[in-house]
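In what follows, a single structure is set out as structure tokens and then discussed.
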Amino acid sequence: MENTHYDALVIGSGAAGSFAAKELTEKGLKVMLIEAGRNITSEDFNPNFKGPKEKGIQLWARAKAAITGQHIQSKVAMYGRQQRHLFVNDRENPYTTPADKPFLWIRGKQLGGRLHTYGRMLLRWSDYDFKGASHDGKGQDWPFDYAELAPYYDKVEKFLGIYGTKESLPNVPDGQFMGDSHLTSTEATFKSRTHERWPERNPIPWRYMPPNIKRVPQPILAAKETGRLSMRTNAVVRKILVDPQSNKASGVEYVDRETKQAGVIHGNIVVLCGSTIESVRLLLNSATKQYPNGLGNSSGTLGKYFMDQVPSMIFGTIPGKKGFETDNTHPADPFYGVTGGVYVPRFENLDKVTNNQFVRGYAFQGTIGRLYARDDKDAKFGIMGFGEMLPYADNTITLNPHKKDAYGIPVPHISCYMHDNEKKLLKAQTEAIKEMLVNAGFELEFCGSYLGVEEFGKGAFPDADWFSRMLFRMNFRKSMCMGAAIHETGGARMGDDPKTSVLNSHNQSWDIPNLFVTDGSCFPTGGVSGATLTIMAVTVRACEYISQQHAQGAFK
């Protein structure tokens with residue numbers, strides 16, 4: 001492998017890397033896909049897992065995970081112990097934060113990355129996201145608009161087979177849906193009662209990709225079919241190599257995760273898709289004499305303007321409704337179960353200022369009546385809120401020079417906290433969802449965020465034992481700090497000006513012409529919905545440009 005020269009090296013195999021491999025191989029390039037984690041097998045998705053698959057407090061399962069090395073990963077909001085092996089071991093993958101700015105870095109290191117644990121919600125962003133700074137003057141606009149990205153959204157959705165409903169809402173544009181998604185009867189009640197009282201609030205069914213029964217991400221399977229894809233798992237890339245004469249990336253240096261042996265892979269193009277924090281970390285660790293503060297960091301912005309959405313959570317019951325509803329739109333996946341739910345798009349500060357306490361807004365996603373409940377118990381709801389964090393120069397990813405991982409790479413030091421705008425937004429966010437659920441006739445058990453937890457009626461998880469409930473109350477705020485949304489973006493942002501951004505409008509490094517970054521680190525803003533579909537579309541768009549430039553001999 002070290003003696004083979006590839007047209008392109010793709011680092012990472014998740015949302016960005018899988019599509020980069022597909023697009024480049026289908027356009028004739030010989031590609032090496034490099035994944036730091038292990039390969040996956042059918043045993044990773046064993047449907048015969050012993051124990052309940054419902055997700056709830058699961059205190060004892062979380063405690064066991066924490067004791068055995070997953071003290072961070074076990075804080076995932078909708079934790080399911082049958083999936084714990086698809087999250088990293090925190091002892092083996094350390095990072096640091098300031099003592100007063102905790103951050104939950106939730107990760108999966110295997111072929112496909114977090115595609116095996118995310119909710120499969122795939123929502124388009126709009127110009128309220130891409131051009132938000134033009135309206136409120138906060139941050140930096142994207143270097144393209146929605147119309148430019150729409151054809152690439154189309155391509156991704158058609159390939160994956162997305163389900164959703166046409167709603168004609170400008171802030172969540174309709175997509176290419178292969179079928180309708182559906183609401184439960186109680187979600188439909190929530191929708192009608194909410195819209196009746198607040199016409200500007202428009203709950204809709206999830207837009208989602210059904211579970212992938214083949215498990216290996218579909219774009220990787222498509223890339224394999226071309227015969228032009230090579231893959232290397234268990235290869236931890238620790239440095240991007242640059243030829244000082246040509247100022248071009250020449251390959252990568254990696255460490256075998258199992259043998260700890262170092263190696264080099266050569267390529268004409270490097271496409272970095274390692275996930276937001278890992279990609280920034282790698283660029284920082286690839287510093288050269290010409291770029292002493294990180295590869296391609298002539299702007300000084302690498303590692304700055306890091307964001308995650310501001311999370312909140314609310315649970316409760318539906319009086320008069322027992323048990324739980326099942327959605328038969330698709331057969332239940334033997335490992336993951338069923339998919340679906342309700343989504344409340346952002347409604348604050350869109351075309352006009354509706355709340356002058358903060359800029360931007362928030363959205364909600366969750367399920368009503370779908371969570372497991374015994375036939376003699378009231379049906380349940382569980383909803384998370386996601387508020388937009390503005391890009392701040394002091395929310396950063398840097399390297400910790402005093403701590404290294406098992407492969408000799410300095411660990412990332414993540415400093416991300418809510419500023420005054422986000423604190424005000426978060427308070428409004430929790431009040432809004434409470435009033436919507438009460439208006440629908442539902443009963444609240446608890447609602448909370450990093451700012452605190454509020455209990456109602458019988459309190460949080462009333463059927464759990466007293467010790468579990470006590471520990472829940474003690475640890476709730478820690479489990480809802482920054483990072484809990486798992487929607488992190490920024491740190492290597494795109495822009496129109498090389499003085500204020502790391503990448504140009506095609507995800508190309510301003511400084512290293514054959515280096516591209518297409519994962520969430522390229523985002524100039526953080527939005528209120530999941531970034532996955534946008535990461536995929538941005539990657540497809542960037543790879544179209546790469547292949548065109550490659551055909552013209554730009555990277556030789």
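In the chain, helical runs assigned H by DSSP with n ≥ 4 each contribute -39500 (n - 2.57); averaged across all residues and rounded to the nearest 500, the mean residue ellipticity at 222 nm is -7000 deg cm²/dmol. Working value for the stretch 259-401: equivalent-ellipsoid semi-axes of 43, 25, 13 Å, each the square root of 5 times a Cα gyration tensor eigenvalue, largest first.
Please work out how much length the chain gains when fully extended from LYS214 to GLU454, using 0.36 nm per residue of separation minus the C-alpha to C-alpha distance, in nm with one decimal. List each step's numbers first, then the result.
Values: separation 240, 0.36 × 240 = 86.40 nm, distance 4.21 nm.
That works out to 82.2 nm of additional length.
Under 5 Å from the amide H of ALA235 lie the amide H atoms of GLU35, ALA36, GLY37, ARG257, each residue being 5 or more positions distant or on a separate chain, with H modelled from the backbone and absent for Pro and chain starts. Based on every Cα atom in the chain, Rg and the maximum pairwise Cα distance Dmax equal 22.6, 73 Å. Treating r as the C-beta distance of GLN176 and ALA99 and R0 as 41 Å, the FRET efficiency rounds to 0.30. Would you please state which residues of the stretch 345-382 a label at TRP198 would reach in this model, taking the label point 7 Å out along Cα→Cβ and a backbone N cut-off of under 11 Å? Counting only backbone N, you get 345-349, 362-364. In terms of the Cα gyration tensor, with a ≥ b ≥ c the square roots of its eigenvalues, is the stretch 52-128 rounded because a/c is under 1.5, prolate because a/b exceeds b/c, or oblate? Judged from the Cα gyration tensor, the stretch 52-128 comes out oblate (a/c at least 1.5, b/c at or above a/b). Would you mind checking the pairs LYS138/LYS352; LYS64/LYS403; LYS30/LYS109; LYS75/LYS101 and listing those with alpha carbons more than 21 angstrom apart? Where the Cα-Cα span goes over 21 Å, the pairs concerned are LYS64/LYS403; LYS30/LYS109. Helix 532-551 axis versus longest C-alpha principal axis of the chain: approximately 20°, rounded to the nearest ten. Cα axis of helix 185-197 to longest principal axis of the chain: angle in degrees, 0 to 90, nearest 10? Taking the Cα atoms of the chain, the angle to 185-197 is about 90 degrees.
Extension gain for the segment ALA77 to LYS427, taken as residue separation times 0.36 nm less the Cα-Cα distance, is 124.1 nm to one decimal. Values of log10 I(q)/I(0) for the stretch 86-157 across q = 0.18, 0.26, 0.27 Å⁻¹ run -0.94, -1.05, -1.09, by the Debye formula with one identical scatterer at each alpha carbon and no solvent. The GluC sites (Glu not before Pro) of the stretch 440-533 include none that meets both conditions, a loop assignment by DSSP and at most 15 other Cβ atoms within 10 Å of the site Cβ. Debye-formula intensities of the stretch 1-131, expressed as log10 I(q)/I(0) at q = 0.11, 0.15, 0.19, 0.20 Å⁻¹, are -0.55, -0.92, -1.17, -1.22 (one equal scatterer per alpha-carbon, no solvent).
Out of ASN212, ASN475, THR539, whose Cα points farthest toward the positive end of the dipole of the chain (charges: +1 Lys, Arg; -1 Asp, Glu; placed on Cβ)? About the Cα centre, the residue reaching furthest to the positive side is ASN475. Charged side chains reduced to their Cβ positions (Lys and Arg at +1, Asp and Glu at -1) give the stretch 191-307 a dipole of some 380 debye around its Cα centre. Percent of C-alpha pairs per 5 Å bin in the stretch 214-325, short distances first: 2, 8, 13, 16, 14, 12, 10, 7, 5, 4, 4, 3, 1, 0, 0. Coupling constants for the stretch 410-420 follow from the phi torsions by the Karplus curve (6.51 cos²θ - 1.76 cosθ + 1.60, θ = phi - 60°), and in residue order they are x, 6, x, 10, 9, 10, 9, 9, 6, 8, 4 Hz; glycine and proline get x.
Taking the charge dipole of the stretch 85-202 about its Cα centre, with +1 at Lys and Arg Cβ atoms and -1 at Asp and Glu Cβ atoms, the residue from PHE103, VAL88, SER181 reaching farthest to the positive side is VAL88. What FRET efficiency comes out for the pair LYS158/LYS377, r = Cβ-Cβ distance, R0 = 30 Å, nearest 0.05? The pair LYS158/LYS377 has a calculated efficiency of 0.15. With respect to the chain, whose longest principal axis is taken over its alpha-carbon atoms, helix 15-26 is tilted by about 50°.
What size of dipole, in debye to the nearest 20, comes out for the chain about its Cα centre when the only charges are +1 on Lys and Arg C-beta atoms and -1 on Asp and Glu C-beta atoms?
That gives a dipole near 1220 debye.
Other residues lying with their Cβ under 14 Å from the Cβ of ASP7 contribute a combined charge of +3, Lys and Arg counting +1, Asp and Glu -1. With the convex hull drawn around the C-alpha atoms of the stretch 329-415, the volume per residue stands at 246 Å³. Work out the charge dipole of the stretch 219-361 with +1 on the Cβ of Lys and Arg and -1 on the Cβ of Asp and Glu about the Cα centre, then indicate which of HIS266, SER299, ASN356 is farthest towards its positive end. Of the options given, the answer is SER299. Using the Cβ of LEU282 as centre and a radius below 9 Å, the other residues enclosed give a net charge of +2, where K and R count +1 and D and E count -1.
Between ALA188 and THR41, the modelled label-to-label distance comes to 4.6 nm, taking each label 7 Å out from Cα in the direction of the beta carbon. A convex hull fitted around the alpha carbon atoms of the stretch 123-185 yields 107 Å³ per residue. For the stretch 181-197 versus the stretch 494-556, the spacing of their alpha-carbon centroids is 39 Å.
Close amide H partners of ASP405, meaning residues 5 or more places away or on another chain with modelled amide H under 5 Å apart, are VAL411.
Values quoted throughout were computed directly from the atomic coordinates according to the rules given, and no laboratory measurement underlies them. What you see is a predicted model, and the numbers here were worked out from it, not measured in a lab. All Cβ positions, even for glycine, are placed from backbone atoms using ideal geometry, and neighbour counts span all protein chains on display.
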